[in-house]
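Below you'll find the structure, written out as structure tokens, and then a few comments.
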Amino acid sequence: MILLGVILLLIGWITHISIISTVGTILLVVGLVLLLLGSAGRGIGGRRWYY
């Protein structure tokens, strides 16, 4: 999710399409929050691992 957010953010900045930049930023922030919660050992959505 983090990688997709970064890719969309870069594409939005290069093409000057603001909606793609916004979606990329949202995905990046959500991915970072989930990464932090997962590294703290908290289960997310009732599951501790997603593999």
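What follows is calculated from the coordinates using simple rules that are stated; it is not laboratory data. Computed from a predicted structure; not experimentally measured. Here the Cβ is made from the backbone with ideal geometry for all residues, glycine too, and neighbour counts use every protein chain on show.
Brief remarks follow.
- Principal axis extents of the Cα atoms in region 1-42, from largest to smallest and rounded to whole angstrom, are 38, 13, 9.
- Projected label distance in nm at Ser18 and Leu35, using a 7 Å step from Cα toward the beta-carbon: 2.7
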